[in-house]
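The values are calculated or read from the model by the stated rules, or taken from the named source; none is laboratory data. Keep in mind that what you see is a predicted model, and the values were worked out from it rather than measured. Here the Cβ positions follow ideal geometry from the backbone for every residue, glycine too, while neighbour counts run over all protein chains shown. Surface accessibility is based on the protein's heavy atoms, side chains included, excluding ligands, DNA and RNA. Shrake-Rupley method; radii C 1.70, N 1.55, O 1.52, S 1.80 Å.
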Amino acid sequence: MAWVLKMDEVIESGLVHDFDASLSGIGQELGAGAYSMSDVLALPIFKQEDPSLPLDCETKHPPFQYVMCAATSPAVKLHDETLTYLNQGQSYEIRMLDNRKMGDMPEISGKLVKSIIRVVFHDRRLQYTEHQQLEGWKWNRPGDRLLDLDIPMSVGIIDTRTNPSQLNAVEFLWDPAKRTSAFIQVHCISTEFTPRKHGGEKGVPFRIQVDTFKQNENGEYTDHLHSASCQIKVFKPKGADRKQKTDRERMEKRTAHEKEKYQPSYDTTILTECSPWPDTPTTYANNSPSPAPTFTSSQQSTCSVPDSNSSSPNHQGDGVLQASGEQIQPSATTQETQQWLLKNRFSSYTRLFSNFSGADLLKLTKEDLVQICGAADGIRLYNSLKSRSVRPPLTIYVCQEQPSSAALQAQQQTAGSGGENGSGTPYVYHAIYLEEMVASEVARKLALVFNIPLHQINQVYRQGPTGIHILVSDQMVQNFQDESCFLFSTVKAENNDGIHIILK
């Protein structure tokens, strides 16, 4: 027992000695020359970032901010882009705010800048065919624009301009130092660019984009300063209000946990920064307004909308077969097929038939087209593919009497003899297709077919019994028999100013 107590004392004394020895060097190691603060700061955890990299507090500050006074949808998930619903034709304010810090961009201080507001497609696939889509919309709604400025309500905008060839853009000048608000109206709706099937189609989203420029050394507003945009959908009048209400009611039915996945609705829409819209003049190659896009087949036959001087939209009396040029050819490429659809007012189906050639389209039966496009458009497309033209109300055949042929009248009376004169030469008649049953239409078509200046035709007469001359009136034209044959001659007017035409 004594031996055990002795051992405990020896161990305890050894531990105390070791503890005292460990404490004896504390003051010496922490002397002034023991370490350097620069060595400590050189450690990796204290190293400063590369000065060339921007710090969080030095993030890029946009010079301008654009705020549209329209509420965002509450049915948008977190981290997704906001979506705003607009009513067709309603004026919405876009506030143009100067967001520069003191000393930023001194070159535009006291000067005007130019902004271009556009409505463009959000879907990249539609962006590739924007020109065709807008041309089709223009053909279906002649005289309308996709985007307009409500100038009476706008504030601070100067020198507003709209290009007839760019229906989706407006531009104006404004002073960043003054209050500026541009009120815009969007006239296209999202479902106009969706293939119609059975109703209830989901409309395509658009984008409202604002690009701002300053003057260059030549005084032209071409130096880009800032661009921002937001996503929108356009509904028929009051449709946006109903959609916003529907989204709000759906969100109220969700649980609190589900609501956390969605962003709240804001009273205004802030346009976010983006790349400038590409300036591609080839997008609108034809600056002059045209009634319809031109379709050129692989056989170089050009189809165009007939003018008022043609003898019929479907037929021409001078022998030019226009209807054959309007029919799509089996050899037409996919691009030519798209142009044909646009020209014939089927722009809503260009996306649906984007991969169809002329042969593919012609292979579709009437039942196929009705199932794809619906009854009305399906039948119309089928008739267009088969070139079923509308018959004019009245057709007459006319031959000009030659002064040297006195026997022509007798030949007219004996039409059953084969239509030849005494020398065996056949008489050539021209078909006149009357779209309107009026006397002025007869004079106009005769002037067109026989190259007679219209202003020189004073009166048109019809030779009656015993050779009397009867004035051709609207009522007489309405009583012409279809496919009647006439010889006609010309005589000088009594005052030698112009001519009279006599139908025999």
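Checking each residue of the range 355-369 against the condition of being open to solvent by 50 Å² or more (accessible area, probe 1.4 Å), farther than 11 Å from residue 328 by Cβ and under 23 Å from the mean Cα position of the chain (by Cα) gives at least one match. Would you be able to tell me the number of residues in the range 222-240 that are closer than 18 Å to residue 204 by Cα and either in contact with a His (Cβ under 7 Å, 6 or more places away or on another chain) or among the small types (Gly, Ala, Ser) (or both)? Going through the range 222-240 one residue at a time, the tally reaches 4. Residues satisfying the criterion are absent from the range 102-116 (criterion: in a loop (DSSP other than H, G, I, E, B), open to solvent by 30 Å² or more (accessible area, probe 1.4 Å) and closer than 26 Å to residue 352 by Cα). Of all residues being small (Gly, Ala, Ser) and surrounded by 15 or more Cβ atoms within 10 Å (Cβ to Cβ) in the range 122-174, which is farthest from residue 88 (Cα to Cα)? Just the residue, please. Applying the filter and picking the extreme gives 156. Residues that are outside any loop (DSSP other than H, G, I, E, B) and without any contact (Cβ under 8 Å) to a residue 40 or more places away in the chain within the range 465-489 comprise 465, 466, 467, 469, 470, 471, 474, 475, 476, listed in sequence order.
Residue-wise test of (1) in contact with a Gly (Cβ under 7 Å, 6 or more places away or on another chain); (2) under 20 Å from residue 400 (Cβ atoms); (3) of a type in the set (D, E, K, R).
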{"position": "432", "(1), (2), (3)": "yes, yes, no"}
{"position": "435", "(1), (2), (3)": "no, no, yes"}
{"position": "452", "(1), (2), (3)": "no, yes, no"}
{"position": "494", "(1), (2), (3)": "no, no, yes"}
{"position": "504", "(1), (2), (3)": "no, yes, yes"}
